[in-house]
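> Following this message is one structure expressed as structure tokens.
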């Protein structure tokens, strides 16, 4: 294994952890769950993109964003625009007053497709937009904030406010965005029906592979010199600044990368679930996504994925079993994690894995000592 590959995989332990995660989401869960439950897992793993981005941004960079739902929602809406245009061909919409435009535009008396929707008739343009527009938006926010040394709780509050503003804007511009209902009734992608069983399995695997790819990309960033400077910046920002580095540029870059990863998750959410609404853009989903990272461990990329799965499985189980109490049960789970496991699932694993490894090393050392003693006695007897 080359040095670069070793860094990307996180060494021997990191490679094993990633292999276990890949085995779980690519083999075990698809074989053990029906299509409905597997679809839920697919939806949960789209949230994991945001949790992974928060490990980069918050865990390693010390930048708490309470507005990651902005970028998740942007990625989802951009993909939904392409899918909605494909579903709004003149034949399918012939009963409308204005055929050939999305139904919610027709309901709001629009008579032509808005100019900024036109480019989304192209899938390559849509993919490029998903990868650039959220990152560009993050750059604008980051440049405005970090160049003025706005950070800590103030940055968290500002991102929260931006998430609220964007969700209100989406709801208010009903004729262009679908309003509170969002963009729904998404059926095909380039003529491929994304609603049948085969398509759902295919999208699940594509999403899982992209998630693993985002983890590898994040590890590559964190294992580089930039990653070390990111940690130094988190712990001693002034020392990094006095060393001659422009801290604000580092913050802007990692904020843009986290936005890009979140946007990919949002686009895959739209493809798998078949709609996108402003309920995934506002404050509540953004805070929930921070909780996913906190439960899994805000310093662990793989832990963030497990935390996302655990919290969402808990939400599903509690809401199905105790529909009147599930919010209280989920709240209790979050409080318990914060109080007793401040480093999340990854912290628990590190603690007990190291303890078991320490005991094993002691036992191995004792065994070697006993063997040495026995060999010495045997040699003495022979003498």
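> Which order do the peptides 251-264, 152-165 take when ranked by the mean count of other beta-carbon atoms within 10 Å per residue, highest first?
Details: 251-264: 26.2, 152-165: 16.4.
For the peptides 251-264, 152-165, the packing ranking is 251-264, 152-165.
> Follow-up. With r defined as the distance between the Cβ atoms of residue 26 and residue 164 and R0 fixed at 41 Å, what FRET efficiency is calculated, to the nearest 0.05? Please list the in-between numbers first.
Working: r = 37 Å, r/R0 = 0.91.
About 0.65, to the nearest 0.05.
> Given Cα pairs under 8 Å that are at least 6 residues apart, what percent is the relative contact order of the stretch 22-342?
Value for the stretch 22-342: 36 percent.
> Which order, highest average first, do 18-25, 297-304, 320-327 follow once you tally other Cβ atoms within 10 Å for each residue and take the mean per peptide?
Working: 18-25: 16.4, 297-304: 26.1, 320-327: 11.1.
Packing order, densest peptide first, comes out as 297-304, 18-25, 320-327.
> State, to one decimal in nm, how far the label point of residue 96 lies from the label point of residue 224, with both points 7 Å from Cα in the Cβ direction.
4.3
> Give me the distance in nm between label points sitting 7 Å out from Cα along the Cα-to-Cβ direction at residue 196 and residue 128, one decimal.
With each label point 7 Å from Cα toward Cβ, the separation is 3.2 nm.
> Moving on. Can you give the calculated 222 nm mean residue ellipticity of the chain, where each DSSP H run of n ≥ 4 adds -39,500 (n - 2.57) and the sum is split over every residue, rounded to the nearest 500 deg cm²/dmol?
Working: 17 runs with 277 residues, N = 383.
Calculated from helices alone, the mean residue ellipticity at 222 nm is -24000 deg cm²/dmol.
> Now a separate question. Would you kindly give the portion of the calculated P(r) for the chain that falls above 33 Å, as a percent of all Cα pairs?
Working: 27715 of 73153 pairs.
Summing the P(r) of the chain above 33 Å gives 38 percent of all pairs.
> Give me the angle, in degrees from 0 to 90, between the Cα long axis of helix 344-382 and the longest principal axis of the Cα atoms of the chain, rounded to the nearest 10.
Between the helix axis and the principal axis of the chain, the angle is about 20 degrees.
> Okay, moving on. Defining a contact as two alpha carbons under 8 Å apart and six or more residues distant in sequence, what relative contact order in percent does the stretch 138-244 show? Before the final figure, lay out each step's value.
Numbers: 28 pairs, mean separation 7.2, N = 107.
Once divided by the residue count of the stretch 138-244, the mean separation gives 7 percent.
> If you take the beta carbon distance between residue 16 and residue 118 as r and set R0 to 45 Å, what does 1/(1 + (r/R0)^6) give as a FRET efficiency, to the nearest 0.05? Let's see the in-between values first.
On the way: r = 49 Å, r/R0 = 1.08.
Using R0 = 45 Å, I get an efficiency of 0.40.
> Turning to a different aspect of this structure: How far, in degrees from 0 to 90, does helix 225-235 lean away from the longest principal axis of the Cα atoms of the chain, to the nearest 10?
Value to nearest ten degrees: 90.
> Could you please state, rounded to a whole Å, how far the C-alpha centre of the stretch 302-346 is from the C-alpha centre of the stretch 32-61?
Here the answer is 14 Å between Cα centres.
> Sort 129-142, 52-65, 84-97 by packing, meaning the average of other beta carbons within 10 Å per residue, with the highest value first.
Values: 129-142: 19.8, 52-65: 25.6, 84-97: 15.1.
Ranked from most to least packed, the peptides come out as 52-65, 129-142, 84-97.
> What's the angle, to the nearest 10 degrees (0 to 90), between helix 283-296's Cα axis and the longest principal axis of the chain?
The answer is roughly 20 degrees.
Throughout, read-outs are computed from the coordinates displayed, never taken from laboratory work. Note that this is a predicted model, so its numbers are computed, not measured. Don't worry about glycine lacking a Cβ; one is built from the backbone with ideal geometry, like all the others, and counts go over all protein chains shown.
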